[in-house]
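Structure first, commentary second.
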Amino acid sequence: MTIKNKAYIVGAYEHPTRFAPDKSVAQLHAESALGALQDAGLELKDVDGYFCAGDVPGGSPISMAEYLNLNLSWLDGTEIGGCSYIAHVERAAQAIAAGKCRVALITLAGKPKSTGVATGTAPRILGPERPETPWDLPYKPTITGIYGMITQRHMHEYGTTAEQLAAIKVAASHHAQYNENALLKKVVTVDDVIHSPIIAPPLHRLDCCVITDGGGALIVTTPDIAKSLKRPLVKVMGASQTIKTSHGGYIAPTETGAIKTGPEAFAEAGVTPNDIKYASIYDNFTIMVLMQLEDLGFCKKGQAGHFVAEGNLISGTGKLPWNTDGGGLCNNHPSNRGGITKVIEAIRQLREEAHPAVQVKNCDIALAAGPGLVVGEGHAHATLILGRE
Amino acid sequence: MDNLDNKTLDFLSDAYANAYPETRPFWEAAEKDELLLKTCHDCGKPHWYPRMVCPLCGSANTAWLNASGQGSLYAFSHIEKANPPYTLAYVQLHEGPIIMSNIIDADINQLKIGSPVTVAFQRMKEGRKMPVFRLSE
């Protein structure tokens with residue numbers, strides 16, 4: 001059953017905080033939920049579907065449903081890392097198309113900044129119940145170390161350079177200067193990036209995303225309800241989600257799950273990469289943007305370095321305006337998860353509610369895509385294609 | 001650093017080994033500084049990490065294989081700020097699979113993608129020994 005045109009995103013809210021020591025994670029979820037409902041012109045009592053991931057207090061939909069006193073007909077706690085919320089839009093659209101719920105709420109929140117979590121630079125402590133753990137944890141695999149290795153392989157296989165990767169951060173910073181809530185608003189140059197400290201060679205500090213507290217929420221609903229509201233109509237055209245495994249040790253670390261979710265989402269939407277006016281592509285590290293541009297079909301494999309170095313990601317001058325909120329590299333990475341902010345900025349663009357300096361003209365079709373957990377090992381990927389009606 | 005020289009593997013005290021009783025032959029071989037891989041009698045390919053069902057073809061007809069302990073450096077990065085600093089790597093084993101590991105006793109400036117490496121074994125604080133690699137002589 002296709003979800004094409006069967007569900008609309010009518011509410012989107014990015015919590016303005018980037019540092020919230022005086023709020024609980026539950027409160028950030030709740031504030032984000034209310035923000036998205038207000039944006040939609042709906043109320044909490046209208047919600048009958050709830051979607052959340054592992055960042056939610058208690059680890060399942062139960063506690064936030066209790067906290068908000070939701071009256072649910074459908075729920076989904078699919079946890080696939082940072083792209084969970086992109087995948088939740090597809091899952092919400094499926095539930096709505098199947099008649100299981102009519103107003104779906106998706107929330108994310110977390111506060112790694114104020115709790116001082118060394119997100120990318122200390123090994124994650126994972127319990128023995130995860131079957132990979134006995135075989136990877138002993139080697140102290142920091143997230144930056146793994147992405148350093150992936151970057152090194154892409155450079156080795158395709159001749160990608162540090163300067164090309166830096167151009168991605170430059171584009172993000174160019175956009176972030178217009179976002180009053182962005183954590184980093186300063187415009188940086190290629191030189192600034194390649195002369196920033198090495199975190200895990202060849203990754204520089206400015207190749208890495210920010211660490212922020214925050215949250216976000218989305219409201220997905222039926223065509224009938226969407227058309228009864230006063231918001232611009234943004235419909236779900238196509239979507240796909242997958243797990244890309246390490247294939248029993250025969251890994252391909254320069255490929256992301258986008259190699260599957262991109263073509264599948266484009267096929268469902270009936271469009272091609274050339275039709276995309278704006279792209280939100282999850283940028284936990286510059287290399288991830290580069291690899292996804294290739295795997296989604298915007299560039300041939302190995303050619304994205306040239307594409308980004310020519311400034312093509314910058315709105316107004318480039319061929320593919322990208323992450324016009326400043327993305328994870330400059331704006332926000334709440335709960336160390338960039339999926340929901342990718343969808344939110346795509347909706348701003350489709351509604352023509354982005355900052356005027358970065359608003360894409362005639363933005364009728366947009367993409368949001370991202371990975372979950374760590375590429376190189378088994379990881380998730382989700383792609384979503386949205387259209388303005 | 002804990003002194004691990006006199007420690008031996010105790011399955012019950014190493015939660016990571018204890019949680020996977022089916023991988024016990026691997027840890028017992030590692031005690032003797034021998035690297036085992038799981039291979040498949042149906043598709044003929046060894047895989048990593050060791051599983052009882054072949055992840056490449058779905059067969060349950062798997063068996064332990066004595067690996068050569070030789071491989072080449074597939075990718076690496078260096079965690080300079082850790083105490084002590086260490087080198088994270090993907091090593092491609094001669095038998096095929098690419099495994100995460102650490103490179104020991106090497107200056108990162110000596111390392112290149114493709115450099116030949118040889119297995120060594122290092123005791124973890126939980127008890128079991130893990131394969132790490134150093135540049136081949």
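Here are a few things to note about the model shown:
- For region A:341-389 versus region B:78-137, the inter-centroid distance based on Cα atoms is 39 Å.
- Hydrodynamic radius (Kirkwood) for region B:15-135, which is based on Cα pairs only, to one decimal in Å: 15.2
- Positive minus negative residues near A:S335 (Lys, Arg vs Asp, Glu; Cβ under 11 Å): +1
- Rounded to 5, the percent of DSSP beta bridges in the protein assembly as shown classed as antiparallel: 80
- Given charges at Cβ of Lys, Arg, Asp, Glu: the protein assembly as shown dipole, positive-most of A:Q359, A:L373, B:A89: A:Q359
- Computed on chain A, with alpha-carbon pairs under 8 angstrom and 6+ residues apart, the relative contact order is 25 percent.
- Theoretical ellipticity at 222 nm over chain A - DSSP helices of four or more residues, -39500 (n - 2.57) apiece, nearest 500: -9500 deg cm²/dmol
- Per-residue Cβ neighbour rank within 10 angstrom, fewest leading, A:I251, A:I259, A:I219: A:I259, A:I251, A:I219
- Distance-filtered residues of region B:85-116 - backbone nitrogen under 20 Å, label point 7 angstrom along A:A122 Cα→Cβ: B:85-88
- In the protein assembly as shown, taking the dipole from charged Cβ atoms about the Cα centre, the farthest positive-side position among B:S136, A:P138, A:L184 is held by A:L184.
- Amide N of region B:57-73 lying under 20 Å from the label point, which is placed 7 angstrom from the Cα of B:E28 along Cα→Cβ: B:61-68
- Residues whose amide H falls under 5 Å from that of A:G81, counting only those 5 or more places apart or on a different chain, are A:G54, with hydrogens built in the peptide plane.
- The amide H of A:L75, built 1.01 Å from its N in the peptide plane, has A:Y50 as neighbours under 5 Å, considering only residues 5 or more places off or on other chains.
- Residues B:W27, A:W322, ranked from the fewest to the most other C-beta atoms within 10 Å, line up as B:W27, A:W322.
- Ellipsoid fit via the Cα gyration tensor, region A:220-338: semi-axes of 26, 19, 16 Å, each the root of five times an eigenvalue, largest first.
- Positive-end residue of B:I79, B:A29, B:P55, charge dipole of region B:15-135 with Cβ unit charges: B:I79
- For A:S280, residues with placed amide H under 5 Å, excluding near neighbours: A:N323, A:L367, A:A368, A:A369
- Whole-Hz Karplus values for region A:306-315 come out as 5, 4, 6, 5, 7, x, 6, 8, 8, 5 Hz, taken residue by residue from phi with 6.51 cos²θ - 1.76 cosθ + 1.60 and θ = phi - 60°; glycine and proline positions read x.
- If R0 is 41 Å, the Cβ-Cβ spacing of A:H195 and B:A19 corresponds to a FRET efficiency of close to 0.35.
- Label-to-label distance, A:A267 versus B:S68, with points set 7 angstrom from Cα along the beta-carbon direction: 4.0 nm.
- Hz values of 3J(HN,Hα) by residue in region A:251-259 - Karplus curve (6.51, -1.76, 1.60), Gly and Pro given as x: 6, 10, x, 8, 10, 10, x, 4, 4
- Within the same chain, lysines fewer than 8 places from B:K38 are excluded, and of the rest, those with a Cα less than 29 Å from its Cα are A:K140, A:K244, A:K260, B:K7, B:K112, B:K125, B:K129.
- Computed from point charges on the beta carbon alone (+1 for Lys and Arg, -1 for Asp and Glu), the dipole magnitude for the protein assembly as shown about its Cα centre is near 720 Debye.
- Neighbour-count order for A:I9, A:I211, A:I96, fewest beta carbons within 10 angstrom listed first: A:I211, A:I96, A:I9
- Measuring between their Cα centroids, region A:104-166 and region A:28-44 lie 31 Å from each other.
- Karplus-derived HN-Hα couplings along region B:47-61 (A = 6.51, B = -1.76, C = 1.60, θ = phi - 60°), whole Hz, x at Gly and Pro: 10, 9, 6, x, 10, 7, 10, 5, x, 8, 10, x, 6, 8, 8
- Qualifying lysines (Cα of each under 27 Å from Cα of A:K23; at least 8 residues distant if same chain): A:K45, A:K111, A:K113, A:K185, A:K342
- Estimated FRET transfer efficiency (A:Y250, A:K45; beta-carbon r; R0 41 Å; 0.05): 0.20
- Summing +1 for each Lys or Arg and -1 for each Asp or Glu among the other residues whose beta-carbon sits under 9 angstrom from that of B:R51 gives 0.
- Residue-span extension gain [A:T317 to A:S63] - 0.36 nm each, minus C-alpha spacing: 86.8 nm
- Basic side chains Lys and Arg get +1 at the Cβ, acidic Asp and Glu get -1 at the Cβ, and with that the dipole of region B:15-135 about its Cα centre reaches some 140 debye.
- Estimated FRET transfer efficiency (A:E180, B:N61; beta-carbon r; R0 60 Å; 0.05): 0.45
Laboratory data are not the source of any read-out in this text; all were calculated from the coordinates shown. Values in this document were obtained by computation on a predicted structure and should not be read as measured data. FYI the Cβ positions are ideal-geometry reconstructions off the backbone, even for glycines, and counts take in every protein chain you see.
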